[in-house]
Each structure stands twice: as structure tokens, then as C-alpha cells.
Amino acid sequence: MFCASVAALLLSLQAAPDMTPAGEQPVAPYAHANANADGVPFRDDHMWRAFHGAIGVARVIDGMIDRSLTDPRISDIFKGQDITRLRRTLREQFCYLLGGGCTYTGRTMQEAHRNMGIQSADLAALVEHLQAAMQTEHIAFTAQNRLLAKLAPMKRDVVKQK
């Protein structure tokens, strides 16, 4: 009985788009959908396991963000951004795409990056940091490339053309 009540509460909290998770800044309401992750997940959990599950994905995301925050080429992009929310939604997105069974609750890539003025060089620096974080986590090179290939089409929604 208690487990069912807790499960129902968790499902209602996840489904409520106007609920702001602890430590995050409120955002305007939007439709939550896995389609917002802007990609089709891998068919099985092979890639999820290649990334060492939730702990490995969290370390990759944290490593990428931490490197980006200290990189003078792109650190200004992150000023004024909700880094707590960024970490959470990137973990969800990677988990979803890697076949980890997560639900993605973030905005679309186009909505999330609107008016940020991100250029190709900025995205290239971020990808460098992602690759370094994957190397640090000892992700196999083939798995890294498979994920990068899945993320590459998102460039059209992230980069602002001059």
C-alpha cells in the first residue's frame, strides 16, 4: 500500500510540468515529451551499459559541464543559466537516448537554445569537453562515436546562423 502511494506521488510529480524540482529556477510551462530529446533512442540497453549506467552518464555530464564552465571560449554562454536544471535535463536526455529507460522532461533543443547566439565554434568546444569527459569515464571509442552521431543532427536547432 505504502509503495503504491509513493509511486503514485512520484508519477504525479513527474507529470506536473509546472512543478519546479528542488534547486532549480522556475521556467515557463511547456509540453513534456520524449520527442523533445530530439532523437530516437538506441533500441536496447547496450549503449547505456557502455556508458556505465546512471553513474557513468552523470560523471560524463558533470565532466562536460565543469570543463565548459571554466573554458574562456564558452563560459559566458553559461552565465545566468540554471546549471542544476542543465545537469538534470542532460542526464535525462542522455539516459533516454542511450536506452537507459528514462523519460526526458526538458524542452526541445530549439526552445532550450533560443536567443543564446550559439555559434559553430561554441558547439565544437562543448563537443571537445564531452569527448574529454567520455575519455575520463573510459567509454569505448566506438560507443563515443555512436553517441556523437546521434547528437550531431541537433546542431541545426542549437547553432544560430550568422
Inset, instruction - Report yes if some residue within region 135-147 is over 24 Å from ARG43 (Cα atoms) and modelled with pLDDT under 95; otherwise report no. - result: no
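Would you pick out the residues in region 74-85 that are within 24 Å of GLY53 (Cβ to Cβ) and surrounded by fewer than 18 Cβ atoms within 10 Å (Cβ to Cβ)? If you could, list the steps in order and put the result at the bottom.
Looking only at region 74-85, we keep the residues that are within 24 Å of GLY53 (Cβ to Cβ), and these are 83-85.
Within region 74-85, ILE83, THR84 meet the criteria.
Residues checked against (1) farther than 21 Å from THR20 by Cβ; (2) under 15 Å from the mean Cα position of the chain (by Cα):
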| residue | (1), (2) |
| --- | --- |
| MET64 | yes, yes |
| LEU69 | yes, no |
| ARG87 | no, yes |
| ARG91 | no, yes |
| GLY99 | yes, yes |
| LEU123 | yes, yes |
| LEU130 | yes, yes |
| THR136 | yes, no |
| THR142 | yes, no |
Inset, instruction - Taking only region 95-124 into account, find how many residues are surrounded by 17 or more Cβ atoms within 10 Å (Cβ to Cβ) and either among the hydroxyl-bearing types (Ser, Thr, Tyr) or in contact with a Gly (Cβ under 8 Å, 6 or more places away or on another chain) (or both). - result: 8
Inset, instruction - Quick one: VAL159 ticks every box in (1) more than 14 Å from the chain's Cα centre (by Cα); (2) modelled with pLDDT of 95 or more; (3) surrounded by 16 or more Cβ atoms within 10 Å (Cβ to Cβ) except a single one, so which number is it? - result: (2)
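I need a count of the residues in region 69-120 that are in a loop (DSSP other than H, G, I, E, B), within 19 Å of ALA152 (Cβ to Cβ) and not polar (S, T, N, Q). Write out each step before concluding.
Within region 69-120, the first condition is being in a loop (DSSP other than H, G, I, E, B), and the residues that meet it are 70-74, 79-82, 98-108, 114-119.
Retained after the next criterion (residues that are within 19 Å of ALA152 (Cβ to Cβ)): 74, 98-99, 104, 106, 108, 116, 118-119.
Narrowing further to those that are not polar (S, T, N, Q): 74, 98-99, 104, 106, 116, 118.
Selection size over region 69-120: 7.
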Inset, instruction - Among what's in region 37-53 and is small (Gly, Ala, Ser) and outside any loop (DSSP other than H, G, I, E, B), pick the residue that is nearest to the chain's Cα centre (by Cα). - result: ALA37
Inset, instruction - List every residue pair whose Cβ atoms sit under 8 Å apart, with the two residues 6 or more apart in sequence or on different chains, where the first one lies in region 99-122 and is at negative phi and without any contact (Cβ under 8 Å) to a residue 40 or more places away in the chain and the second, anywhere, is surrounded by 13 or more Cβ atoms within 10 Å (Cβ to Cβ) and aliphatic (A, V, I, L, M). - result: SER120/VAL159
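The values are calculated or read from the model by the stated rules, or taken from the named source; none is laboratory data. These numbers were taken from a predicted model, which means no experiment stands behind them. Neighbour counts are summed over all protein chains in view; Cβ atoms, including those assigned to glycine, are modelled from backbone coordinates with ideal geometry.
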